[in-house]
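I have placed the structure first, in the form of structure tokens, so that the comments after it can refer back to it.
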Amino acid sequence: MVEMGVLEDSGTIQYSKGLEGVIAALSSISAIDGKQGKLIYRGIPIEMLAKYSTYEETAYLLLYGELPTKSQLEEFSRQMRELRYLPKKVEECLKELPPNPHPMDILKVAVAHTALYDPDRLSCCREGVMRKVIRLIAQIPTMIAYYHRVRTGQEIVPPHPDLGHAANFLYMLHGKEPDEEEARIFDVALILHAEHGLNASTFAAMVTASTLSDINSAIVSAIGTLKGPLHGGANERVLQMLDEIGTPDRAEEYVLNALKEKRRIMGFGHRVYKTYDPRARILKEYAEYLSEKYGDRRWISIGEKIEEVMIRELGKKGIFPNVDFYSGIVYHFLGIPRDLFTPVFAMARSVGWAAHVCEYVQNNRIFRPRAYYIGPDYVEYVPIEQRR
Ligand code: ACO
């Protein structure tokens, strides 16, 4: 459809491919300094949250704007634990779904299906929306773990009422309580992935919500967007690449060939960071630690070689490891199957999506950019019989 009028005022129109540099919203949720490699959630540096916080506390911070008091955190964590269960019909449906689609596609189905049974489905007051949000954040891990158990022919493991968000997911996935240290590492990984400004999936959620559609639809849009290899789907592909390379001595040749052929190295580059992603720095330390702990340095040593060559070749262009580069190695040692890496990202990011949606709709305006029309001005309609 021709966007009439665009040509007329084209003198004042600014075009930014991929919306680079466009400010599309005001937000007090997080900020990224892409030159210094800094990230803050509600003003708090990510390094402090990774050191001292938990996913539940960080989720509260992102949703409500400030750190909770002890009793607020207890109440919020209690709510999250109580809301982990899936409606029976959704549980049954997960058992019927085919075992081979990508789990991100299953997650879209499960979130959409769960929405039909949400007791707050029709509620649009702030409290009702917040209950829907907390329910979704609490249920997404259960959806992922249940589906994985079913597709691998194992009994589903119901949520553990005494475990925190991160530990409970590993418990439901593996059917046994994780050791405390690994549960903590996973908790930190979730904190690091919880929020990141107007990335593609968050923006997709906001666009959906800006039409005054419901939060579940916004989260479904976000999941579909996160799935792509240029966004959250990169983590899974990093391990495929490490496998393909096989040994550290082959990494340099692989990278140089890829760059020569204009192929992208997954887990590198970022629209905002032009330096080392601070989340990747923390995840790299855990990847190192777990590789030592398990006496298996195969992946980390290939990863470090890729990093060395990439920074040497493309560092001057601002290409450095992003959050997706080392997360896969961490998840691998935590026993998380590869095709669940992106669903786990979604599980963590659900809070960032929801926080932005809730913030934006408070002062909503529908998102409606325009395309600059570059087609012909006038084309005669030719009846089908006369077309050649
Ligand atoms: N490998 C090789 N070259 C790269 C890479 C990469 N990973 N990333 C960017 N470049 C190069 C591009 O080829 C381009 O070079 P040119 O100017 O010579 O043409 C230049 O850097 C700029 O790249 P753009 O695609 O314009 O950067 P953009 O900001 O649009 O894209 C993106 C950012 C999508 C993350 C990109 O860096 C990429 O494809 N990375 C690989 C996929 C990935 O890791 N995604 C996860 C990102 S983090 C997240 O979403 C959670």
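Any chance you could check the Cα centroid distance between the range 319-388 and the range 73-93 for me, in angstrom?
What the calculation gives is 27 Å, centre to centre.
Per residue, how big is the convex hull of the range 242-300 when only Cα atoms are used? Give it in Å³.
It is 92 Å³ per residue.
How long is the range 141-200 along each principal axis, judged by its Cα atoms, biggest number first, in Å?
38, 28, 17
Beyond 24 Å between alpha-carbons counts as too far, so tell me which of 88/132; 88/227; 38/284; 176/293; 38/260; 17/132 fall in that bin.
88/227; 38/260; 17/132
Quick one: the Cα spread of the range 234-333 along its three principal axes, in angstroms, biggest first?
35, 28, 21
Please give the per residue accessible area of the chain, computed with a probe of 1.4 Å over protein heavy atoms only, in Å².
With the other protein chains kept in place, the chain gives 50 Å² per residue.
At 1.4 Å probe size, with the rest of the protein present, what percent of the exposed accessible area of the chain is carbon and sulfur atoms?
Ligands and nucleic acids excluded, carbon and sulfur give 54 percent.
With N residues in the range 70-168, what two-decimal value do you get for its Cα radius of gyration over 2.2 N^0.38 Å?
Dividing the Cα Rg of the range 70-168 by 2.2 N^0.38 Å gives 1.11.
Let's see if you can work this out: charge +1 on each Lys and Arg Cβ, -1 on each Asp and Glu Cβ, no other charges. What is the dipole magnitude of the range 234-333 about its Cα centre, in debye to the nearest 20?
500 debye
For the range 187-226, what is the convex hull (Cα atoms) projected area averaged across all directions, in square nanometres?
Across all orientations, the range 187-226 yields a mean hull projection of 2.9 nm².
Note the full-extension length gain between residue 95 and residue 127 as 0.36 nm times their separation in residues minus their Cα-Cα distance, in nm to one decimal.
Full extension from residue 95 to residue 127 adds 8.3 nm.
Of all alpha-carbon pairs in the range 111-241, indicate the percentage at a distance above 18 angstrom.
So the pairs more than 18 Å apart make up 64 percent of the total in the range 111-241.
Once you have a ≥ b ≥ c as the square roots of the Cα gyration tensor eigenvalues for the range 296-356, tell me rounded if a/c is under 1.5, and otherwise prolate or oblate according to whether a/b is larger than b/c.
Oblate is the answer for the range 296-356, as a/c is 1.5 or above yet b/c matches or exceeds a/b.
For a protection proxy built on the mean count of beta-carbon atoms within 10 angstrom, sort 18-25, 228-235 highest first, please.
Order by mean packing, descending: 228-235, 18-25.
Rounded to whole Hz and in sequence order, give me ³J(HN,Hα) for the range 215-222 from the Karplus expression 6.51 cos²θ - 1.76 cosθ + 1.60, θ = phi - 60°, writing x for Gly and Pro.
Each residue's phi maps through the Karplus curve to give 5, 5, 4, 4, 5, 4, 4, 5 Hz.
Of all the C-alpha pairs in the range 28-82, what % are more than 19 Å from each other?
So the pairs more than 19 Å apart make up 31 percent of the total in the range 28-82.
Can you give the log10 of the normalised intensity I(q)/I(0) at q = 0.08, 0.12, 0.14 Å⁻¹, computed with Debye over equal Cα scatterers of the chain?
The calculated log intensity ratios at q = 0.08, 0.12, 0.14 Å⁻¹ are -0.45, -0.96, -1.25.
Using the Karplus equation 6.51 cos²θ - 1.76 cosθ + 1.60 (θ = phi - 60°), what ³J(HN,Hα) coupling, rounded to whole Hz, does each residue of the range 31-43 give in order, writing x for Gly and Pro?
9, 10, 9, x, 8, 8, x, 10, 9, 10, 9, 6, x
The values are calculated or read from the model by the stated rules, or taken from the named source; none is laboratory data. Values in this document were obtained by computation on a predicted structure and should not be read as measured data. Cβ atoms come from the backbone with ideal geometry, glycine included; neighbour counts cover every protein chain shown. Each accessible area value is taken on the protein alone, full model and side chains, heavy atoms only, with ligands, DNA and RNA left out. Shrake-Rupley method; radii C 1.70, N 1.55, O 1.52, S 1.80 Å.
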